[in-house]
Amino acid sequence: MELIKATGVSYVYDGGQPALKDIDLSISSGEMVAVLGPNGAGKSTLFQLFNGLLEATSGLVTVKGLPVRKENFREIRTIIGMVFQDPDDQLFNSTVRQEVSYGLKNMRVQGQAMEAAVAWALDVVGLRGYGEKSPHRLSGGEKKRVALASILAMRPEVLVLDEPTASLDPMGASRLITLFKSINRDLGMTLIFATHDVDIVPLLAERVYLLNGGKIVSSGGVAEVFADKQAIRQISLRLPRVAHLAELLARDGVIAADDLPLTIGQARRLLQKLSPFPCRPQGQNGAA
Ligand SMILES: Nc1ncnc2c1ncn2[C@@H]1O[C@H](COP(=O)(O)OP(=O)(O)OP(=O)(O)O)[C@@H](O)[C@H]1O
Ligand SMILES: [Mg+2]
């Protein structure tokens, strides 16, 4: 089922240059999609059109067939859960518990069900025990997780994440990637995220829209989009580090140039095939 569709969408900020130009995009239920682009590409602008925070200057955005217009905002905002790039734009309650329960209250969730949803959401983002703290006194990464918990608690059909791993430490980012995958797999939540972090895209996305200067310059499966190295490099991005290493090894004739691995897992499988030595099965990483 088509969840979010943009057709010929442009957006111009007051008195500014067009931030989005003639965008066509379609996201189906259950997908994990990345919108990848450098600073200023238009990623945050695009996301704000999905739930009506901004209104397209021209073209049409629909969510489950509903045009993103005032009369549909209520329904659309129960379908889409948006986590902003800057958590300070999202957090306004005086405790973390109030913050995470705020949306649930609006949905008239009460009592035990409310307690359970808040506890679950804080738990999955790794903030158990933070309920009575002030969100405004937390670190940037902790704030980001509170913002995420407040959206997750409502179990939206689509999770729209603007730079979900920016400002998180490596372990925090890695935990979130695992969490998002399991949310997609186990709860069937559709996932759309904006990033300029090329290394997380192959870990989390199945499909990519490459955005630059307000235009979609490429789209398709992750391997397909990264295969066009020139397009990636032309817009101030790079290949994932593993792919860059593989590219150099291919240049040295160590491996074949086709099918560059994009993740450590893919590189490992490729090297295992080449290696004359038997390798440990995956998951056994003990030092030897
Ligand atoms: N409120 C605003 N008023 C005027 N111009 C804006 C506003 N917000 C963004 N822009 C401009 O619109 C363009 C797209 O910005 P946007 O924030 O959507 O990019 P982005 O891809 O999210 O970038 P980043 O990776 O830095 O978050 C930029 O040129 C930016 O300067
Ligand atoms: Mg942005």
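Taken together, the values in this text are just the output of simple stated rules run on the coordinates, not laboratory data. Quantities reported herein were computed from a predicted structural model and do not represent experimental measurements. Note: ideal-geometry Cβ built from the backbone for every residue, glycine included; neighbour counts use all protein chains shown.
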(request) Classify the chain as rounded, prolate or oblate, taking a ≥ b ≥ c as the square roots of the eigenvalues of its Cα gyration tensor: rounded when a/c is under 1.5, otherwise prolate if a/b is larger than b/c and oblate if not. (result) oblate
(request) With both partners inside the chain, how many of the DSSP beta bridges are antiparallel, as a percent to the nearest 5? (result) 55 percent
(request) Could you give me the percent of Cα pairs per 5 Å distance bin for segment 162-266, shortest bin first, beginning at zero and ending with the bin that holds the maximum distance? (result) 2, 11, 20, 23, 19, 14, 7, 2, 0
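Given Cα pairs under 8 Å that are at least 6 residues apart, what percent is the relative contact order of the chain? Walk me through the numbers on the way to the answer.
Numbers: 491 pairs, mean separation 60.9, N = 288.
Relative CO of the chain lands at 21 percent.
Set the bar at 19 Å for Cα to Cα. Now go through Lys43/Lys70; Lys105/Lys143; Lys43/Lys215; Lys5/Lys70; Lys5/Lys181 and name every pair that lies beyond it.
Numbers: Lys43/Lys70 22 Å; Lys105/Lys143 21 Å; Lys43/Lys215 10 Å; Lys5/Lys70 17 Å; Lys5/Lys181 23 Å.
Beyond 19 Å: Lys43/Lys70; Lys105/Lys143; Lys5/Lys181.
As a footprinting exposure proxy, order Tyr102, Tyr130 by other Cβ within 10 Å, with the fewest listed first.
Values: Tyr102 15, Tyr130 21.
Ordered by Cβ neighbours within 10 Å, fewest first: Tyr102, Tyr130.
Nearest 20 debye, what's the magnitude of the dipole of segment 174-215 about its Cα centre given +1 on Lys and Arg Cβ and -1 on Asp and Glu Cβ? Let's see the in-between values first.
On the way: 5 positive and 4 negative charges, 16 e Å.
For segment 174-215, the charge dipole is close to 80 debye.
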(message) Check which residues have an amide H placed less than 5 Å from Leu211's amide H, if you skip close sequence neighbours.
(response) Leu36, Gly37, Val217
(request) Pop out the ³J(HN,Hα) list for segment 64-69 in order, Karplus 6.51 cos²θ - 1.76 cosθ + 1.60 with θ = phi - 60°, rounded to Hz; leave Gly and Pro as x. (result) 6, x, 8, x, 6, 9
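Could you line up Phe73, Phe47 from fewest to most neighbouring Cβ atoms inside 10 Å? Could the numbers behind the result be given before it?
On the way: Phe73 14, Phe47 24.
With the sparsest Cβ surroundings first, the list reads Phe73, Phe47.
So if each residue of separation counts as 0.36 nm, and I subtract the Cα-Cα distance between Lys70 and Ala231, what length gain in nm does that give? It would help to have the intermediate numbers written out before the result.
On the way: separation 161, 0.36 × 161 = 57.96 nm, distance 3.76 nm.
Length gained between Lys70 and Ala231: 54.2 nm.
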(message) Net charge within 11 Å of Ala194 by Cβ-Cβ distance, Lys/Arg positive one each and Asp/Glu negative one each, not counting Ala194 itself?
(response) -2
(request) Could you run the Karplus curve 6.51 cos²θ - 1.76 cosθ + 1.60 with θ = phi - 60° over segment 120-125 and give me ³J(HN,Hα) per residue in whole Hz, x for Gly and Pro? (result) 4, 5, 5, 5, 5, 8
